[in-house]
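Down below is the structure, laid out as structure tokens.
The values are calculated or read from the model by the stated rules, or taken from the named source; none is laboratory data. From a predicted model like this one, the values you see are computed outputs, not experimental measurements. Every residue, glycine as well, gets a Cβ built from its backbone with ideal geometry; the counts of neighbours run over all protein chains shown.
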Amino acid sequence: MAADFNAINLAQGFPGFESDPVLIDLVDKAMKDGYNQYAPMPGDKKLREVISKKIESLYYKKYNADREITITAGATQAIFTAIAATIHKDDEVIIFTPAYDCYKPSVELFGGKTIAVQLEAPNYEPNWNEVANKITSKTKMIIINTPHNPSGMVFTENDMLQLQKIAEEQDLLVLSDEVYEHIVFEDEEHQSAAKYPQLAKRAFITASFGKTFHNTGWKMGYCVAPNHLMKEFQKVHQFNVFSVNHPVQKALATYLQNENNYLSLPSFYQKKRDYFLDLIKDSRFKYTPSKGTYFQLLDFSEISEERDVDFADRLTKEHKIATIPTSVFNKNDQDFKQIRVCFAKTDEELKKAAEILNSI
């Protein structure tokens, strides 16, 4: 619709600016150096080693580069593969809604069933008593996403301790979607499942280079998990994907050695968020500043009583700005009168978008 109506696209979650030329040059060099055939099935060894060091440095957990890390064709493939490896007919998987839209169909494809725990606006804080009450003899896995798309909420240390307690007591697997791990703001700290020993023993953790380094079209991510889970993961990965883009892996193995390439991202994106919110501070939209990700929710309840899908439709057609209605991510399409916008855009795009939002 953004294309059809020539609208500014704040809907899709992709950066509106180029990847680092240094990284692009490294890919070019890897191609010219001859890394154009299959990479090893688990991924380039040097890249796996660098990822292992990064996780140990940030979260104090050592993953074995040979047996516990697999490079994937994006985080969505990693999520799909973890589900394919573990979820079978009639297994139940608890998800938190609003939820990224690949979880439910992936579970259902393998005969499982998702059990939704609805996060309530405006804070979107998990209710762990509700989670405990939803667990049955068929519950196999809990999927979490932090920082959270679309709300921008981040799980706290207490959230992770509660999750760890429930998962351990009920012997559950955990799939931790951490694609925005390097995009957290103010005093927030990313709470990776890797930081919690008993959680890490039963968790698949998925991550995305595309989200991190502004190149979602490269479809490059990874999964880490303890050896006994990674063995099952790789049984699926080997015959579904086998291996992923070799020159990009070679480039990332070099690029990640400069920690500033990912540690600088919080301040970079917080400036984007603050710039955008300052531009729309006098608009009729209400908001709570996002704590992480590059998404911001805008409450339009003082502007219209329309359903969010209809409101977003009208914004695109009449006002030439594309956004995402959040009810589509919710249990039973619950409508909080909120739309999601992506602020990973150039300042010029954000300024034009703000002018439109301020006029509504």
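Just a few scattered comments:
- Close pairs (7 angstrom Cβ cut-off, 6 or more residues apart or separate chains): over 13 Å from residue 223 (Cβ atoms) and of a type in the set (Ser, Thr, Tyr) in the stretch 167-185, modelled with pLDDT under 95 and surrounded by 24 or more Cβ atoms within 10 Å (Cβ to Cβ) anywhere: 180/211
- In the stretch 189-208, the residues that are more than 17 Å from residue 53 (Cβ to Cβ), surrounded by fewer than 19 Cβ atoms within 10 Å (Cβ to Cβ) and of a type in the set (D, E, K, R): 189, 201
A quick yes/no check of all residues on (1) over 14 Å from residue 16 (Cβ atoms); (2) over 21 Å from the mean Cα position of the chain (by Cα):
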{"residue": "313", "(1), (2)": "yes, yes"}
{"residue": "320", "(1), (2)": "yes, yes"}
{"residue": "324", "(1), (2)": "yes, no"}
{"residue": "331", "(1), (2)": "yes, no"}
{"residue": "340", "(1), (2)": "yes, no"}
{"residue": "347", "(1), (2)": "no, yes"}
{"residue": "350", "(1), (2)": "no, yes"}
{"residue": "355", "(1), (2)": "yes, yes"}
{"residue": "359", "(1), (2)": "yes, yes"}
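- Scanning the stretch 113-147 for residues that are outside any loop (DSSP other than H, G, I, E, B) and aliphatic (A, V, I, L, M) yields 115, 116, 117, 131, 132, 141, 142, 143, 144.
- Residues being touching a residue at least 24 places away in the same chain (Cβ under 8 Å) and not in a helix (DSSP H, G or I) - total across the stretch 306-337: 11
- The condition of being assigned by TED's automatic domain parsing to the domain that holds residue 229, in contact with a helix residue (DSSP H, G or I) (Cβ under 9 Å, 6 or more places away or on another chain) and not in a strand (DSSP E or B) does not hold for residue 153.
- Count of the stretch 87-116 residues which are under 16 Å from residue 170 (Cβ atoms) and free of Cβ contacts under 8 Å to residues at least 24 places away in the same chain: 0
- When the stretch 18-34 is filtered for residues that are surrounded by 12 or more Cβ atoms within 10 Å (Cβ to Cβ) and either modelled with pLDDT under 95 or farther than 30 Å from residue 343 by Cα (or both), the ones remaining, listed by number, are 19, 29, 30, 31.
- Considering only residues in the stretch 188-210 that are assigned to a strand (DSSP E or B) and not hydrophobic (A, V, I, L, M, F, W, C), the one that is nearest to residue 61 (Cα to Cα) turns out to be 206.
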